[in-house]
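Written out below as structure tokens is the structure these notes cover.
Every number here is computed from the coordinates shown, using simple stated rules; none is lab data. Model, not experiment: these values are computed from the prediction. Methodologically, a virtual Cβ is constructed for each residue, glycine included, from the backbone with ideal geometry; neighbour enumeration extends over all protein chains shown.
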Amino acid sequence: MSTSSLQIAEVRSGRTMVLALSGRIDSTNADQLNICVSRHFSAGEKSLVVDFKEVLYLTSAAFRVLLVATDEAERSAARFALCGVIGQVRDLFEMGGLLDAFTIHASREAALAQDG
């Protein structure tokens, strides 16, 4: 398994679906995340948290997927939040001026505490 590939682990926690990401998110695999998120919203998911704790790097392709997912959640009256946005990944969100574009929690536990 390449350390640059994107891995997505889907974990149900109460009423929330957590997508725990690991690896890199770039133009070669961002569609994998887009398909996963869209599948959950299409199936009626009302609370989705994306955990970035194990993400090493992301490009503008990942930001595009997240922005589209935010719009999709809004249209579906669903909750969409991010957590574990730390280190270099947080720096990339900050450089892109995107920290305020998303609901971001410090940890998965904090994001799940908002489930309700």
Tell me, what is the percent relative contact order of the range 1-59, built from C-alpha pairs under 8 Å that lie six or more residues apart? 41
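Restricting to Cα pairs below 8 Å that are 6+ residues apart, what does the relative contact order work out to for the range 33-116? Please round to a whole percent. Intermediate results must be reported in sequence, preceding the final value.
Details: 91 pairs, mean separation 28.5, N = 84.
Dividing the mean separation by the residue count of the range 33-116 yields 34 percent.
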Using θ = phi - 60° and Karplus 6.51 cos²θ - 1.76 cosθ + 1.60, couplings along the range 103-113 (whole Hz; Gly, Pro as x): 7, 10, 9, 5, 9, 4, 4, 5, 5, 6, 5
Tell me which residues come under 5 Å, amide H to amide H, from Ser5 once H is placed; ignore anything under 5 positions away on its chain. Arg24
Among DSSP beta bridges lying fully in the chain, give the percent that are antiparallel, nearest 5. 30
Which value at 222 nm does the chain reach when only helices count, each DSSP H run of 4 or more adding -39,500 (n - 2.57), with the total divided by all residues and rounded to the nearest 500 deg cm²/dmol? -11500 deg cm²/dmol
Which whole-Hz couplings ³J(HN,Hα) result when phi for each residue of the range 84-99 is put into the Karplus expression 6.51 cos²θ - 1.76 cosθ + 1.60, θ = phi - 60°, listed in order with x for Gly and Pro? x, 7, 10, x, 4, 5, 4, 4, 5, 4, 5, 4, x, x, 10, 4
Whole-Hz ³J(HN,Hα) from phi, Karplus 6.51 cos²θ - 1.76 cosθ + 1.60, for the range 23-30, glycine and proline x: x, 10, 10, 9, 5, 7, 9, 4
Mean 1/r over all different Cα pairs, inverted: what Kirkwood radius does the chain give, in Å? 14.0
Show me the trypsin sites (Lys or Arg not before Pro) within the range 35-83 that DSSP assigns to loop and that have at most 16 other Cβ atoms within 10 Å of their Cβ. Lys46
